[in-house]
1. Of the numbered conditions (1) surrounded by fewer than 21 Cβ atoms within 10 Å (Cβ to Cβ); (2) at pLDDT 95 or above, R166 fails exactly one; give the number of that condition.
2. Output the residues belonging to the range 285-323 that are more than 29 Å from P263 (Cβ to Cβ) and either of a type outside the set (F, W, Y) or without any contact (Cβ under 8 Å) to a residue 12 or more places away in the chain (or both).
3. Within the range 63-102, track down each residue that is surrounded by 12 or more Cβ atoms within 10 Å (Cβ to Cβ) and more than 16 Å from R149 (Cα to Cα).
4. Restricting attention to the range 157-201, and to residues there that are among the aliphatic types (A, V, I, L, M) and not assigned by TED's automatic domain parsing to the domain that holds T308, which single residue is nearest to Y247 (Cα to Cα)?
5. If I go through the range 133-165 residue by residue, how many of them are among the β-branched types (V, I, T) and either within 30 Å of E62 (Cβ to Cβ) or free of Cβ contacts under 8 Å to residues at least 24 places away in the same chain (or both)?
6. Check whether at least one residue in the range 222-230 is among the acidic types (D, E) and either assigned to a helix (DSSP H, G or I) or in contact with a Phe, Trp or Tyr (Cβ under 6 Å, 6 or more places away or on another chain) (or both), and report yes or no.
7. Of all residues in the range 190-214, which are surrounded by 17 or more Cβ atoms within 10 Å (Cβ to Cβ) and either of a type in the set (K, R) or assigned to a strand (DSSP E or B) (or both)?
8. Going by the conditions given, is K246 at pLDDT 95 or above, among the basic types (K, R) and farther than 18 Å from I305 by Cβ?
Amino acid sequence: MLTLTFLLSAGAAGAQTVLPVANASATAVQEPAVATFAGQAITASELEAEGASRLLKVRNEEFKIKAELARELAFRRLQERAARALGIERAELFRRNVTAMAGEPAKEEVEDLLKRYRAQLPPDEAQARQQVVQYLREQRTRAQEQGWRRAMLADARFRLLIAPPRADIGTDDRDPSRGPAEAPVTVVEFSDYQCPFCGRVQSSLHQLKQTYGSKLRFVFKQLPLEMHQHARFAAEAALCAGQQGKYWEMHDWLFANQQKIAPEGIRAAAVELKLAPAAFAACLEKKTFARKVEDDVRLAGSLGITGTPAFLVNGRFIEGAQPYEAFQEVIDDELARKAPAEPAR
């Protein structure tokens, strides 16, 4: 069941209308009304129950904006403090720690980009090279600034206290998962085996496994999209492989071989993965996991998830094939929220 916090505030005394909820008992606690009609009231809790899924993404965007503003303010004030301690301007501090440290792009980097993107670059060789060098300089400067900011905020023990919006969807024994059940962070992925973006994000997820180890638990939810002809078959096939203890082997094969996702290719993969062929074929023929796939699809719809991939990190929404750093930021924040607060230096 979707669980989200919904806050409504009144601007002035008496600004909220309080009416009993239709058909409510006389002893029930009356709630502030957000709308009235024909002598009845619509309450905040009713509005929440009706629209929580559609509001999740909006609330998440608001939270991300506020969180980023808080980090920017803290970073700026830390720079100002450091600059005062050194007796220099903040711009000079930035130059020393970012611009001067970023360095120039390597010749190999420049040549590689020139070769890979030659068709999209200006025909003039000098102009094309200048454009590539400028792009790489900006990329290196941005990476240096981000690293400096992370280090400064970590050293100052920056802690974000704003509560993020969460969806509490729960998981069950039918959900494929890996990682300890007691892990402090659970990453729930809604994905489609035929979706190219879902395949692309797997490298970020693999990197997360290597970085965080037992601190993460991964749960997979099937969300085959109608536009992908073989996605639903692939989802059921992966769950059938799970019957034989090889869900994740089939999961990895499907994402690594998206161009081969068709019934004949998946059946060949089952042989390659040493699945018992008769049991695997019977599972597919009986559509043993069709109900489970449909349950996952309905759950995604109730959360307002219409595309893949989509993730809930401890209930916090992340949309699309995001880079490793996007997941890292949320996971680090979740781990920090579970740790005891420390005084800032």
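1. So the condition that R166 fails would be (2).
2. Matches in the range 285-323: S302, L303, G304, L312, V313, N314, G315, R316, I318, E319, Q322, P323.
3. F63, K64, K66, R84, I88, E89 - these are the residues of the range 63-102 that are surrounded by 12 or more Cβ atoms within 10 Å (Cβ to Cβ) and more than 16 Å from R149 (Cα to Cα).
4. First, the residues of the range 157-201 that are among the aliphatic types (A, V, I, L, M): 160-163, 167, 169, 181, 183, 185, 187-188, 201.
From what is left, the residues that are not assigned by TED's automatic domain parsing to the domain that holds T308 are 160-163, 167, 169.
Numbers: L160: 37, L161: 38, I162: 38, A163: 35, A167: 26, I169: 22 Å.
Within the range 157-201, the match that is nearest to Y247 (Cα to Cα) is I169.
5. Adding up the residues that qualify gives 2.
6. Narrowing the range 222-230 to residues among the acidic types (D, E): 226.
Cutting the leftovers down to either assigned to a helix (DSSP H, G or I) or in contact with a Phe, Trp or Tyr (Cβ under 6 Å, 6 or more places away or on another chain) (or both) gives us none.
Checked against the condition, which is being among the acidic types (D, E) and either assigned to a helix (DSSP H, G or I) or in contact with a Phe, Trp or Tyr (Cβ under 6 Å, 6 or more places away or on another chain) (or both), the range 222-230 yields no hits at all.
7. The answer is F190, S191.
8. Numbers: at pLDDT 95 or above: yes; among the basic types (K, R): yes; farther than 18 Å from I305 by Cβ: yes.
Judged against the criteria, K246 is a match.
The values are calculated or read from the model by the stated rules, or taken from the named source; none is laboratory data. As the structure is a computational prediction, the values presented were derived from the model and not from experiment. So basically every Cβ, Gly included, is an ideal-geometry build from the backbone, and we count neighbours across all protein chains shown.
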